[in-house]
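Note sheet for the following structure.
The values are calculated or read from the model by the stated rules, or taken from the named source; none is laboratory data. Note that the structure is a prediction, hence the values are computed from the model and not measured. Cβ: placed from backbone, ideal geometry, glycine included. Neighbour counts: every protein chain shown. Note: accessible area is taken over every heavy atom of the protein model, side chains too, but ligands, DNA and RNA are not part of it. Shrake-Rupley method; radii C 1.70, N 1.55, O 1.52, S 1.80 Å.
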Amino acid sequence: MIKEKVDTSLTFEDFKTEVLNDYKIAIISRECSLLGRKEVLTGKAKFGIFGDGKEVPQLAMAKCFKNGDFRSGYYRDQTFMMAIGELTIAQFFAGLYGHTDIDLEPMSAGRQMGGHFVTHSLNEDGSWKNLTQQKNSSADISPTAGQMPRLLGLAQASKIYRNVSGIPNADQFSINGNEIAWGTIGNASTSEGLFFETINAAGVLQVPMVMSVWDDEYGISVHAKHQTTKESISEILKGYQREEGTNGFEILKVKGWDYVDLVATYEKAAEIARENHVPVLIHVNQLTQPQGHSSSGSHERYKNAARLAWEKEFDCIRQMKLWMIAINIASPEELDAIDLDAKKEVFEAKKEAWNAFINPIIEEKNELIAILERVSAKSTKKDEILKNISSLKNIKSPLKKEIMITARKSLRLLIDESDKTELSNWITNYINKTQPKFSSNLFSESDKNVFSVKEVLPEYPHNAIADTDGRMILRDNFDALFSKYPETLIFGEDAGNIGDVNQGLEGMQEKYGELRVADVGIREASILGQGIGMALRGLRPIAEIQYLDYLLYAIQIMSDDLATLQYRTVGKQKAPLIIRTRGHRLEGIWHSGSPMGMIINAIRGIHVLVPRNMTQAAGFYNSLLECDEPALVIECLNGYRLKEKMPLNYGEFKTPIGVVETLRTGTDITLVSYGSTLRLVEQAAKELYEVGIDCEIIDLQSLLPFDIHHDIVKSVAKTNRLLVIDEDLPGGASAFILQQILENQDAYVHLDSKPQTLTAKAHRPAYGTDGDYFSKPSAEDIYEKVYEIMHEANPSKFLSLY
Ligand SMILES: Cc1ncc(C[n+]2csc(CCOP(=O)(O)OP(=O)(O)O)c2C)c(N)n1
Ligand SMILES: [Mg+2]
């Protein structure tokens, strides 16, 4: 009976073997959790968050998870990762210890705390592996529900691959769009807006997503009654249930300790999603947390005796065991033997992982001790150095930090001694060797990073004049790109039918179809996630955020997910997503913002490009599609109707990234700016020239990366004066720009006047033309600020203005 429910093609022996194998994985995973907590309590690991109490449903999910599929989940999924063969016991512990060797700690080489899972999508050189031949997990992040937006894109990619033809190398990423994106989330995290936003979008888009909610009734200490209306996510999502003739979800509910029902439920879910591209939500309830939420704190503080007793009884592994005994899959003795075996295996692998982690550090410690002993023999500070040696020797399980502290403090003692090179060299080498383990891969280190792009200038017909609306240049360039790269697609509010709010995509949907040029709901965070997910599966999405002001809805996911992706996977995953938006100057508080300081500080790991016109913007898109990195491109809102020359080589001309452009040469002062403000700077410079002040104007073009050739300092060396003009608030992006010029480029040595910034007011820009004039830097402000600087330098030549 039960056998039939699980799989009719199996013999009882096969079935038994499979169940026993599952059981063993569950026991191994549980033992990892139990010992993992001990490792934290004894100080060998810093923090632990484990999957105990969630083992059995994850076995069921793993059975239906096929090659090519993707997971986007959270920190409870260790059993699943073990069951699909992507996490060994030793790797589990290596993660807990923070081992920095990617071969031994493949989840993040110690950058993320344990419980944050990932598989490797990229080869050593940054090129794609064949993702259809492996089981895939996108890289976890800690912010609750942060896995949701990208889940949408991972699922949508299947739909694109199934329905869009001509995508190069499609078979590396998909087989006819048959891949499911599997989401997991805790019950409490479904309270987040990102969850609801994504669920709604998946219902609209009809994508192959299977969403599991692991419901243990708690979110740390907070009970479901404070989290979820009616205390049941499946209950309140009932309106999403698909019906005859509607879109929507299939919603299933199953007890988390019922192995048989779980297996059947997951099989059903997979079939619906994989074949029909219908999203499925599985509410897995009655789960437990045997050890509480994490290694910090204990659940006895907030669960009453009845709940704790229920959790003991309905522990999913216990229930699985009882069922196995009841239907004679195994005797209690046989199961005890498996338990014992599994425990031994975990114990041994843990030891192996610890030795692999600590032994190289002990070697480093001994290396340093040997050097210090040699140094001390010749030093006048012998006693103090010996004291340092003895404290270090006393540390049985040293950290790299402790080694460094000892070395660096000892070096200070040798300040006035001649024989310190061995120690100082050792420290330098140690830092050079160790720092990259913590700091590499913020950006792509492949040969397709943004620095690989060679500039290609726009070509113009002879005698071309600036008579074309900027938006038409963008449109015709997008046209060239969509036909050149079939893997490119764009989506955003109003991006489809009307071709975006400024008609930069006019006619594109008609030409390239609704899947490649798409309208989407008003949901910036999941638009962004859609892009991340699709980019993770080899497509080249352009996610459009209608206005820069609304990027804030998406900035969390840009910051936490996209910007950290290459870093947190040590370059093992990439999502070369282009984010297109428009901003800086239009009308009023929520259509004129330019919070560039906030943005560049939130998204290190994503390039930030600020073209002053649409030819440059188009050139950036052309460059970015040749690279493997994510970038934000901010078009000037007031530039779509300004006239530019029409280039001939659409899709081909390329704006270099990280390179500034000198728009005007001059000798008296260097004016640095970007975007819409440049038009005012140019106007002011013209007027200043009439009174004998000759300005040099530099367009930054990209804020990140920043002036990679250090051209600004060359200008300052000539003019000896510097003014940064920016429409962000005081101390916003202008502070970053000054820091780069003064500190990284050492421009201070050339300055004859105080380096200054001219920015918008600290408040949001007020409405209308006057609101703009009195909120943001105007041409007159720029004129007067420059004049003031020149007046101070030469008061007899430049008389006081006021
Ligand atoms: C945005 C955000 N807020 C708060 C936290 C801290 N936090 C981590 S887990 C958690 C509770 C999650 O509970 P649930 O979703 O039910 O998952 P469970 O741990 O119970 O499996 C909280 C509040 C976080 N990681 N991210
Ligand atoms: Mg919970």
Any idea what log10 I(q)/I(0) is at q = 0.18, 0.20 Å⁻¹ for the stretch 714-802, Debye with uniform C-alpha scatterers and no solvent?
-0.86, -0.99
As a quick test, which of the pairs Lys365/Lys393; Lys44/Lys350; Lys24/Lys268 have an alpha carbon distance above 18 angstrom in this structure?
Lys24/Lys268
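How long are the three semi-axes of the equivalent ellipsoid for the stretch 1-157, computed from the Cα gyration tensor as the root of 5 times each eigenvalue, in whole Å, largest first? Mind showing how you got there, number by number?
On the way: eigenvalues 140, 95, 40 Å².
With the √(5λ) rule applied to the stretch 1-157, the semi-axes are 26, 22, 14 Å.
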At R0 = 35 Å, FRET efficiency that the Cβ-Cβ distance of Phe12 and Gln134 yields, to 0.05
0.65
Share of alpha-carbon pairs per 10 Å distance bin for the stretch 382-443, given as whole %
19, 47, 26, 7, 1
Taking the stretch 354-422, which trypsin sites (Lys or Arg not before Pro) meet the DSSP loop condition and have no more than 10 other C-beta atoms within 10 Å?
Lys396
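Using a probe radius of 1.4 Å on heavy atoms only, what accessible surface per residue do you get for the chain? Whole Å² is fine.
Numbers: 31940 Å² over 802 residues.
That works out to 40 Å² for each residue.
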Mind checking the alpha-carbon convex hull of the stretch 129-280 and giving the volume per residue in Å³?
123
Contour excess over end-to-end distance, with Cα ends at Thr42 and Tyr485 and 0.36 nm allotted per residue:
154.0 nm
Given a 1.4 angstrom probe, I'd like the percentage of the accessible area of the chain that is carbon and sulfur, rounded to a whole number.
51
Would you mind telling me the antiparallel percentage of the DSSP bridges in the stretch 181-333, rounded to 5?
10
Cα centre as origin, Lys/Arg/Asp/Glu Cβ charges: the chain dipole, Debye
1860
Pairwise label distance in nanometres, Tyr773 with Thr434, each label 7 Å out on the Cα-Cβ vector
6.0
With a cap of 15 neighbouring Cβ atoms within 10 Å, and only residues DSSP puts in a loop, list the chymotrypsin sites (Phe, Trp or Tyr not before Pro) found in the stretch 507-602.
Trp590
Compute the distribution of all C-alpha to C-alpha distances in the stretch 268-386, in bins of 5 Å from 0, and list the percent of pairs in each, rounded to whole numbers.
2, 8, 8, 8, 10, 11, 12, 10, 7, 5, 5, 5, 4, 3, 2, 0
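Once the piece of chain linking Glu373 and Ile236 is laid out straight, how much longer is it, given 0.36 nm per residue of separation minus the C-alpha distance between them? Please report the intermediate quantities before stating the final value.
Numbers: separation 137, 0.36 × 137 = 49.32 nm, distance 6.89 nm.
Result for the pair: 42.4 nm of gain on full extension.
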I'd like the Karplus ³J(HN,Hα) series for the stretch 247-252: coefficients 6.51, -1.76, 1.60, θ = phi - 60°, whole numbers in Hz, and an x wherever there's a Gly or Pro.
7, x, 10, 8, 10, 10
How are the alpha carbon pair distances in the chain distributed across 20 Å bins from zero to the largest one, expressed in percent?
15, 40, 32, 12, 1, 0
Per Stokes-Einstein, at 4 °C and 1.567 mPa s, what whole-number D in µm² s⁻¹ belongs to the stretch 14-72, with the Kirkwood radius over Cα pairs as the hydrodynamic radius?
98
Cut-off under 13 Å on the C-alpha distance; same-chain residues fewer than 8 positions from Lys387 excluded. Which aspartates and glutamates are left, in chain and number order?
Glu373
The lysines whose Cα lies under 17 Å from the Cα of Lys135, excluding any fewer than 8 residues away in the same chain, are Lys63, Lys66, Lys572, Lys574
For the chain, what is the calculated [θ] at 222 nm in deg cm²/dmol (nearest 500), taking -39500 (n - 2.57) for each run of four or more DSSP H residues and dividing by its residue count?
-13000 deg cm²/dmol
Do any trypsin sites (Lys or Arg not before Pro) in the stretch 587-656 lie in a DSSP loop with no more than 11 other beta carbon atoms within 10 Å, and if so, which?
Arg641
How about Lys381: which lysines have a C-alpha closer than 17 Å to its C-alpha, ignoring those fewer than 8 places off in the same chain?
Lys409, Lys420
On full extension of the chain, what length is gained from Asn176 through Thr229, given 0.36 nm per residue of separation minus the C-alpha to C-alpha distance?
15.2 nm
